[in-house]
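One structure is given below, encoded as structure tokens.
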Amino acid sequence: MNILDFSKYIIKNNCREDNICIDFTMGNGYDSLFLSILVPKGFVYSFDIQKQAIENTKKLFLEKGMYNNIKFIEDGHENFDKYVKNFNIGIYNLGYLPKGNKNITTKKETTIESIKKSIYLLEKKGIICITIYRGHGEGFLEGIEIEKFIKNISKEKYEIYRYENIKNDITPYVIIIKRNRL
Ligand SMILES: C[S@@+](CC[C@H](N)C(=O)[O-])C[C@H]1O[C@@H](n2cnc3c(N)ncnc32)[C@H](O)[C@@H]1O
């Protein structure tokens with residue numbers, strides 16, 4: 001199963017239709033659309049720093065049928081707690097906008113700032129899926145910082161899993177953070 005299919009499989013199996021979700025990296029909107037369909041009685045907050053991403057995503061939603069359970073937010077995910085507090089499902093699909101400007105990419109400092117906040121605001125039994133693209137410079141550095149950070153997370157409160165192709169160390173991989181009942 002490829003990385004993105006794996007994340008979706010995990011999310012589908014841990015999500016209820018009234019859940020609050022966050023797409024921390026909207027991009028072209030495919031993850032946002034997936035979440036929006038998954039939670040017809042819930043809500044999705046979707047973040048990106050690029051106008052282009054918001055435009056592409058709105059276009060996708062118009063084509064596929066407009067859903068009214070989503071808010072598109074032009075702001076960095078490190079500020080997400082200004083818009084939403086507790087949530088159940090989060091997706092980080094790090095890197096740059098596919099077919100967009102490769103110089104505008106997620107950065108380790110803001111990614112870590114956002115993940116730190118997100119694990120505290122994650123509801124019990126909630127899930128965060130982080131896809132890390134270690135095949136490009138900034139993505140590789142983000143991976144190192146994320147690994148350092150998760151080593152120090154309480155193992156009583158959180159379960160942390162990793163899914164990767166161990167035969168190819170430049171392909172993307174996924175970290176899943178699950179909050180326990182505590
Ligand atoms: C790999 S793309 C996401 C793909 C997307 N989830 C999809 O389904 O198409 C990564 C996105 O993260 C955005 N990004 C970069 N820094 C960000 C930040 N601090 N906060 C939110 N989004 C950011 C980029 O602009 C880019 O659109």
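Cβ under 9 Å from K108's Cβ, K108 left aside: what net charge do those residues give with Lys, Arg +1 and Asp, Glu -1?
Values: positive: K107; negative: E109, E138, E142, E145.
Counting the neighbours of K108, the net charge comes to -3.
Residues of the range 62-97 with the amide nitrogen closer than 15 Å to a label point 7 Å from the Cα of Q50, along Cα-to-Cβ, please.
74-77, 93-97
Any idea of M1's accessible area? Nearest 10 Å², probe 1.4 Å.
130
Quick one: which residues, 5+ away or cross-chain, put their amide H under 5 Å from the amide H of G126? H built at 1.01 Å from N.
Answer set, sorted by chain and number: R179.
What is the sum of charges around K125, taking Lys and Arg as +1, Asp and Glu as -1, for the other residues whose C-beta is under 13 Å from the C-beta of K125? Mind dumping the intermediate values first?
Values: positive: R16, K124, K157, K178, R179, R181; negative: E123, E159.
It works out to a net charge of +4.
Taking a probe of 1.4 Å, how large is the accessible area per residue of the chain, in Å²?
On the way: 9760 Å² over 182 residues.
Per residue, the chain has 54 Å² of solvent-accessible surface.
Counting only complete DSSP H runs, which helices of the chain cover 18 Å or more along their long axis at the Cα atoms and score a mean Kyte-Doolittle of -1.0 or above?
Helices meeting the span and hydropathy rule in the chain are 51-64, 108-121, 137-151.
Compute the length gained on full extension between K71 and I104: take 0.36 nm times their separation in residues and subtract their Cα-Cα distance, giving the result in nm to one decimal.
9.7 nm
Which listed residue (N19, I146, Q52) has the Cα farthest towards the positive end of the charge dipole for the chain, taking +1 on Lys and Arg C-beta and -1 on Asp and Glu C-beta about the Cα centre?
N19
Counting only protein heavy atoms, what percent of the accessible surface of the chain is carbon or sulfur at a 1.4 Å probe?
The value for the chain is 52 percent carbon and sulfur by accessible area.
Please state the relative contact order of the chain as a whole percent: Cα pairs under 8 Å, 6+ residues apart?
It comes to 20 percent, rounded to a whole number.
Treating only the Cα positions of the range 3-179 as identical point scatterers, give the base-10 log of I(q)/I(0) from the Debye formula at each q in 0.09, 0.10, 0.18 Å⁻¹.
Summing over Cα pairs of the range 3-179 leads to -0.27, -0.34, -1.21.
Which GluC sites (Glu not before Pro) in the range 114-182 pass both tests, a DSSP loop state and at most 13 other beta-carbon atoms within 10 Å? The partial results should precede the final answer.
Details: sites: E123, E138, E142, E145, E147, E156, E159, E164; in loops: E156, E164.
The qualifying sites are E156.
Count neighbours as other Cβ atoms within 10 Å of each site's Cβ, and list the trypsin sites (Lys or Arg not before Pro) in the range 50-156 that are DSSP loop with at most 12 such neighbours.
K85, K99, K102, K155
Tell me, in nm to one decimal, what length is gained between K157 and K85 on full extension, where the rule is 0.36 nm per residue of separation less the Cα-Cα distance? Can you show the working numbers first?
Numbers: separation 72, 0.36 × 72 = 25.92 nm, distance 1.84 nm.
Length difference between fully extended and current span is 24.1 nm.
If you place +1 on the Cβ of every Lys and Arg, -1 on the Cβ of every Asp and Glu, and leave all else neutral, what size is the dipole of the range 19-93 about its Cα centre, to the nearest 20 Debye?
The calculated dipole for the range 19-93 is roughly 280 debye.
Around Y173, which amide H atoms from residues at least 5 apart in sequence, or from another chain, sit under 5 Å from its own amide H, with H modelled in the peptide plane?
I132, R134
When only DSSP loop residues count, what chymotrypsin sites (Phe, Trp or Tyr not before Pro) in the range 75-138 have their Cβ near at most 14 other Cβ atoms within 10 Å?
Taking the range 75-138 and a limit of 14 other Cβ atoms within 10 Å, the loop chymotrypsin sites (Phe, Trp or Tyr not before Pro) found are Y83.
The values are calculated or read from the model by the stated rules, or taken from the named source; none is laboratory data. These numbers were taken from a predicted model, which means no experiment stands behind them. A quick note on method: Cβ atoms are made from the backbone with ideal geometry, for glycine too, and the neighbour counts reach across all protein chains shown. Accessible surface is based on the protein model in full, side chains and every heavy atom, while ligands, DNA and RNA are left aside. Shrake-Rupley method; radii C 1.70, N 1.55, O 1.52, S 1.80 Å.
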